[in-house]
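Undergrad: Please see the structure below; I have some questions.
The values are calculated or read from the model by the stated rules, or taken from the named source; none is laboratory data. Keep in mind that what you see is a predicted model, and the values were worked out from it rather than measured. Quick reminder, even Gly has a Cβ in these numbers, built from the backbone with ideal geometry, and neighbours come from all protein chains shown.
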Amino acid sequence: MSRRKKHRDQGDVELNLAAMLDMAFQLLAFFVLTFQPAPMEGYITLRMPPPHPTTKQSSGASANATQQTEQLPALDSLMVTVTSNPEGDIGAIRIEEAAPVPDLTTFEQTMTDMLSVPGASVEQVVLQVGGRLKYENLVRVLDVCSHIKLASGETLNKLSIVELPDSAQ
Amino acid sequence: MSGGNAESGAPNLTPILDMVFQLITFFMLVMNFKAASLDLAIKLPVLGSAIPTEAQELETLVLNIDKDGKVKAYGREQNIKTLAMNEADMARRKAKIEGKPIEGDAEIPITVVIRADRDLPFHDLNGIITDCQQNGFRRFQYRAMSKATAPQAEA
């Protein structure tokens, strides 16, 4: 193979940048036009097995939360009923068959008091929800449930949701 | 750096090219392909205490549900029964190939991400959740706007 000696002009080599700049601007325009900032979303993660009747408790209704707390060791699941009004807002929240709690703060407090009792063996909470309840309000209830601490120190993350029959709403 | 070729009067394009490349690099780095699976027209509920979505689940099925209960996934409207069945089937096949078969009714290792309109009635949502559960999905993630972005959500 013969070796060729290259002779170059000793003057400055001028690179035409205009074409490269055109391409770069086109790429820039593409990225600017397709740019969508990701929305700042939050989430609640829950394990939701299919609902099945698991209450071992006798059907005798307890009149208040104190009585329910005493019966809790016999429970597998805790039934919470959330009714909705025609506008899709929360109508009433009832834990098992106790009197309705007035708001979500009281609901969280009552649930915490019940479930953090040592020996309470609630495996899951079953939410019975009115069919008209808006997703916005459902998420608020789920949010409260996901913050409740169990006696084991873990947060409650096992929930089932069923729809209330029309007659019960 | 010189100020350009004085004889020809041509401007020096190097600094502008540098800047344009820096801008391109910036946009390439902040581009989020996951946002493509999100329907930004959906008005999510606002929840202050929801955990920000920084720690993402590895495998997710994102369901965008409008207030009429229509489900959008992968950028188009889908039948939830068919979608859940196909996704579960694919997950089972994948697990089998990887040597960890999913037996019968066992849990599918995919998190279903629910991005529903704030006005969606529970009746419609429940049907969708039930269809997913019947196909073996057990992990659900409910999306909401954090309070910081609430004004955008209202717009």
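Undergrad: B:ILE102 versus (1) under 23 Å from B:LYS70 (Cα atoms); (2) surrounded by fewer than 21 Cβ atoms within 10 Å (Cβ to Cβ); (3) of a type in the set (Val, Ile, Thr): which is the lone unmet condition?
TA: For B:ILE102, the exception is condition (1).
Undergrad: Let me ask something additional. Please determine whether any residue of region B:70-84 is within 13 Å of B:PRO45 (Cα to Cα) and in a helix (DSSP H, G or I).
TA: No; the residues of region B:70-84 include none that is within 13 Å of B:PRO45 (Cα to Cα) and in a helix (DSSP H, G or I).
Undergrad: Among the residues of region A:146-159, are any modelled with pLDDT of 85 or more and among the aliphatic types (A, V, I, L, M)?
TA: The answer is no; no qualifying residue exists.
Undergrad: Does region A:120-132 contain at least one residue that is farther than 19 Å from A:VAL162 by Cα and of a type in the set (Val, Ile, Thr)?
TA: There is no residue in region A:120-132 that is farther than 19 Å from A:VAL162 by Cα and of a type in the set (Val, Ile, Thr).
Undergrad: Under 8 Å between Cβ atoms, at least 6 apart or on separate chains: pull out the pairs that start in region A:102-120 with a residue that is hydrophobic (A, V, I, L, M, F, W, C) and end on any residue that is surrounded by fewer than 16 Cβ atoms within 10 Å (Cβ to Cβ).
TA: A:LEU115/A:LYS149; A:LEU115/A:ALA151; A:VAL117/A:ALA151; A:ALA120/A:PRO73; A:ALA120/A:ALA151
Undergrad: So, in region A:33-42, exactly how many residues are at the interface with another protein chain (Cβ under 7 Å from one of its Cβ atoms) and at pLDDT 85 or above? Please lay out each step first, then the result.
TA: Keep residues of region A:33-42 that are at the interface with another protein chain (Cβ under 7 Å from one of its Cβ atoms), which gives A:35-36, A:38-42.
If we keep only those that are at pLDDT 85 or above as well, we get none.
Counting residues in region A:33-42 that are at the interface with another protein chain (Cβ under 7 Å from one of its Cβ atoms) and at pLDDT 85 or above gives 0.
Undergrad: Consider A:ASP76 carefully, then state whether it is under 30 Å from B:ALA116 (Cβ atoms), more than 7 Å from chain B (Cβ to nearest Cβ) and at pLDDT below 85. Let's see the steps before the verdict.
TA: On the way: under 30 Å from B:ALA116 (Cβ atoms): yes; more than 7 Å from chain B (Cβ to nearest Cβ): yes; at pLDDT below 85: yes.
Against the criterion (under 30 Å from B:ALA116 (Cβ atoms), more than 7 Å from chain B (Cβ to nearest Cβ) and at pLDDT below 85), A:ASP76 qualifies.
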